[in-house]
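What follows is a short report on a single structure.
What follows is calculated from the coordinates using simple rules that are stated; it is not laboratory data. Values in this document were obtained by computation on a predicted structure and should not be read as measured data. Quick reminder, even Gly has a Cβ in these numbers, built from the backbone with ideal geometry, and neighbours come from all protein chains shown.
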């Protein structure tokens, strides 16, 4: 079952400030939430994996090292006209949302306003993303764990392959290299940073 994270965003008001309008403190909570969500989406847009996926099958890669080049998009086997990063961004944006705000009063008179914020997990985002048929996992989780197929990965930028989804890459019958595609902290790191912003 996909995990949904719940974060309690709190605003404490000491006794000297408790006569201030309630809306002022709720506005602070809403403002902190909006800023955290905005920064998270910007971090997603600026991430090298997002940008590499957006550049498509001919992209330069910061992560793959082969003699002929290559990129995550073609290694993952997407069709040239697909944009998986756009779908992921929409899921991320929809997955970050705020719940009710509650008020409690401590024994010393301190007032605490608490907003419950729901955030997605890597697993829940992966559940709505395209599944890689040969490993039965989402492309998001494959990036996190190291995309399989790197040893047999053939990339050619100029001479496109006829039977290739991306047009620029295929899988050879025999291994061409040793090693594996690196594990990349992608959505796990973005979501971790989101939770830290909400503390």
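The figures follow:
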item: Sorted peptide list for 43-50, 170-177, criterion being average Cβ within 10 angstrom, highest first; result: 43-50, 170-177
item: Rel. contact order, % - alpha carbon contacts under 8 angstrom, at least six apart, the chain; result: 28
item: Degrees, to the nearest 10: 187-197 long Cα axis against longest axis of the chain; result: 20
item: C-alpha long axis of helix 22-46 to longest principal axis of the chain, angle in °; result: 10
item: Helix 84-95 axis, angle to the chain major axis (alpha carbon atoms, nearest 10°); result: 20
item: Value of [θ]222 nm, deg cm²/dmol, for the chain, DSSP H segments ≥ 4, -39500 (n - 2.57) each, nearest 500; result: -11000 deg cm²/dmol
item: Among 152-158, 96-102, the order from most to least packed when residues are scored by Cβ within 10 Å on average; result: 152-158, 96-102
item: Mean Cβ neighbour count within 10 Å, used as a protection proxy, ranking 68-74, 107-113, 141-147 highest first; result: 68-74, 141-147, 107-113
item: Extension gain (nm, one decimal) between residue 87 and residue 54, 0.36 nm per residue minus Cα-Cα; result: 10.8 nm
